[in-house]
1. For segment 99-116, does any single residue satisfy the condition of being out of contact with any helix residue (DSSP H, G or I) (no Cβ under 8 Å at 6 or more places or on another chain), within 22 Å of residue 28 (Cα to Cα) and among the acidic types (Asp, Glu)?
2. Got a sec? Which of 104, 69, 45, 121 is modelled with pLDDT under 95, under 16 Å from the mean Cα position of the chain (by Cα) and on the phi < 0 side of the Ramachandran plot?
3. For segment 104-140, how many residues are charged (D, E, K, R), surrounded by fewer than 14 Cβ atoms within 10 Å (Cβ to Cβ) and free of Cβ contacts under 8 Å to residues at least 24 places away in the same chain?
4. Can you tell me which of (1) crowded, with 17+ Cβ neighbours inside 10 Å; (2) over 28 Å from residue 67 (Cα atoms); (3) touching a helix residue (DSSP H, G or I) at 6+ places or on another chain (Cβ under 7 Å) is the one residue 150 doesn't meet?
5. Within segment 84-103, which residues are assigned to a loop (DSSP other than H, G, I, E, B), out of contact with any Ser or Thr (no Cβ under 6 Å at 6 or more places or on another chain) and either of a type in the set (Asp, Glu) or touching a residue at least 60 places away in the same chain (Cβ under 8 Å) (or both)?
Amino acid sequence: MKNELNIYTDGSCLKNPGPGGWGIVVIMPDGKIEEYSKGFTLTTNSRMEMKAMYMALKYAEKHGKGKVNIHSDSNFIIQAFTQHWLDGWVKKGWKKQKNEPVANADIWKKIYPLFKKLDVNFLKVKAHSGIEHNEQVDELARAAAMGGDLVDDEGYIPNSDSPQTSLLDTKQENKIALENVLSNGVPSIKIKSGTKSITITKQQLEDFLK
C-alpha cells in the first residue's frame with residue numbers, strides 16, 4: 001500500500017549475556033531497501049531484540065508517512081504490544097504482577113511513547129523459516145555482534161535481573177523453548193541454567209511476562 005513502511009527487526013547474542021547486536025531491514029514504499037545495525041560488547045538477547053524494535057520505531061517516526069508494518073520473530077516483543085502488556089506495565093509504574101520490576105525498563109520507556117504516537121501493525125514471523133528479509137536481518141544482527149567496533153550497552157547492568165528473569169534469559173535454547181510454548185501449543189517446558197531447572201506451563205509463562 002502507498003506510503004507503508006515494512007521493517008524487519010532482530011537481535012542476536014553470541015552468548016547470553018555476551019557480545020550482541022541488533023539489526024533492522026527497512027523496505028521503503030518504492031521497494032528500496034535500507035539496512036542498519038549496531039554491536040555491543042556485553043548485553044542480552046532480549047535487550048538486542050528490544051533495541052531493534054526501538055530503532056525501527058525511531059526510523060518510522062522520522063521517515064514514515066503512513067502505516068508501519070514491523071516484522072519480528074520474537075513472540076515476547078510482539079505480545080508486549082498486542083496483548084497490552086506494555087500498557088499494563090506503564091499503569092503499574094513499570095511493575096509486573098506481584099509488584100516485580102519490569103526487566104529492561106530503560107528500553108521499554110523509550111519504546112512506549114513512539115508506540116503510542118505511530119500507526120504500527122506488529123507482525124509475528126517464524127524464525128529461520130526462509131522468509132527473505134527475516135533471514136537478512138538475522139544475519140545483520142549476528143554480524144553486528146561479531147563486529148570489531150562494539151560499544152557498551154549503557155543501560156545493561158550485569159546480574160541485575162531477578163533470579164526468575166535471569167533463568168529465563170540465560171541461553172538461546174531457552175528462548176526458542178519459550179517461543180514454542182507461546183506459539184506452538186507446547187503445554188510446558190523445562191528450562192535449565194547450570195545445575196538449576198524449573199518447569200513452566202504456558203499459563204505460568206504468560207502470567208510471568210505480563
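1. The answer is no, given that none of the residues of segment 99-116 is out of contact with any helix residue (DSSP H, G or I) (no Cβ under 8 Å at 6 or more places or on another chain), within 22 Å of residue 28 (Cα to Cα) and among the acidic types (Asp, Glu).
2. On the way: 104 fails: on the phi < 0 side of the Ramachandran plot; 69 fails: modelled with pLDDT under 95; 121 fails: modelled with pLDDT under 95.
The match here is 45.
3. Number of matching residues: 2.
4. Result: residue 150 passes all but (3).
5. Initially, segment 84-103 is screened for residues assigned to a loop (DSSP other than H, G, I, E, B), giving 84, 92-94, 96, 100, 102-103.
Filter once more, so that each one left must be out of contact with any Ser or Thr (no Cβ under 6 Å at 6 or more places or on another chain): 84, 92-94, 96, 100, 102.
Hits for segment 84-103 are 96, 100.
Per-residue answers, yes or no, for (1) out of contact with any His (no Cβ under 6 Å at 6 or more places or on another chain); (2) within 15 Å of residue 123 (Cα to Cα); (3) not in a strand (DSSP E or B):
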{"residue": "3", "(1), (2), (3)": "yes, no, yes"}
{"residue": "16", "(1), (2), (3)": "yes, no, yes"}
{"residue": "25", "(1), (2), (3)": "no, yes, no"}
{"residue": "36", "(1), (2), (3)": "yes, no, no"}
{"residue": "57", "(1), (2), (3)": "yes, yes, yes"}
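The values are calculated or read from the model by the stated rules, or taken from the named source; none is laboratory data. Quick caveat: nothing in here was measured; it's all calculated off a predicted structure. With ideal geometry, Cβ positions are generated from the backbone for all residues, glycine too; neighbour counts draw on all protein chains shown.
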